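The structure appears below as structure tokens.
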Amino acid sequence: MFVYNSRMETNLNHPAQKWQEDAKQPQQSTQNKLRLAAMAGHMQVDKTAARRAALIDLLADGRPHPREEIWETIAARLGENCWGKVPQEALARDLSTLRKGGIRIAYSRRPEIRGYYLQHPSLERPLAPSYESINWQLIKAIRHLSVPEKNKRAFAATDFALRQKQLLLAEEHPDWSAPKVDETARHLVYGITQEALT
């Protein structure tokens with residue numbers, strides 16, 4: 001455990017570092033800050049927790065990842081021995097545990113988009129109340145962002161929505177070609193057609 005700990009302290013790519021930074025963000029509620037900080041501390045001493053957190057971080061980009069890419073990317077962050085002697089079994093256990101926790105991880109078998117990805121919405125949530133609560137902390141934090149940072153976040157959100165829609169359409173319509181999936185997804189997300197893009 002000591003070797004794992006000391007490696008984490010010098011590894012800025014370790015998921016605990018990112019979760020600790022997220023815990024310091026002003027838009028986070030106090031409860032979320034405490035949860036993130038507690039999980040970051042747990043990841044520092046538990047290799048399995050760190051591996052699962054790294055898996056969540058990887059899949060959160062909205063695109064599918066083949067098994068081999070998952071193993072290589074996470075091993076680069078946590079160390080070559082993070083998957084143990086049988087990486088296939090470790091990944092299967094991690095996926096099962098995350099799914100039991102409500103994280104919707106799917107697998108695409110289409111040749112051009114093969115791999116694991118987060119389904120949208122990525123987390124199962126209870127039914128929302130009939131009214132929308134306003135997160136004033138988040139609004140205040142957004143107001144303090146620079147215009148380039150606001151644009152960056154907006155473009156990242158729409159890009160994520162487009163990729164999610166492409167994955168869902170590809171799963172729902174396996175007979176569609178890749179261009180048709182892309183055109184339909186763009187129409188649903190942006191309200192435009194392929195003709196409008198040319």
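The values are calculated or read from the model by the stated rules, or taken from the named source; none is laboratory data. This is a predicted model, so every value here is computed, not measured. Virtual Cβ from ideal backbone geometry, glycine too; neighbours counted across all protein chains shown.
Might you check whether a residue that is more than 20 Å from residue 20 (Cα to Cα), part of a helix (DSSP H, G or I) and under 18 Å from the mean Cα position of the chain (by Cα) occurs anywhere in the range 81-91? Checking the range 81-91: at least one residue is more than 20 Å from residue 20 (Cα to Cα), part of a helix (DSSP H, G or I) and under 18 Å from the mean Cα position of the chain (by Cα). Residues in the range 39-55 include at least one that is in contact with a helix residue (DSSP H, G or I) (Cβ under 8 Å, 6 or more places away or on another chain), part of a helix (DSSP H, G or I), of a type outside the set (D, E, K, R) and modelled with pLDDT of 90 or more.
Residues in the range 106-115 that are touching a helix residue (DSSP H, G or I) at 6+ places or on another chain (Cβ under 8 Å) and either surrounded by fewer than 14 Cβ atoms within 10 Å (Cβ to Cβ) or modelled with pLDDT of 90 or more (or both): 112, 115.
In the condition set (1) in a helix (DSSP H, G or I); (2) over 18 Å from the mean Cα position of the chain (by Cα), residue 27 is compliant with all but (1). Tell me which residues, restricted to the range 116-152, are among the basic types (Lys, Arg), exposed (fewer than 10 other Cβ atoms within 10 Å of the Cβ) and modelled with pLDDT of 80 or more. The answer is 143, and nothing else. Of all residues in the range 62-108, those satisfying the criterion of being free of Cβ contacts under 8 Å to residues at least 24 places away in the same chain and small (Gly, Ala, Ser) are 75, 84, 92, 96, 101, 102.
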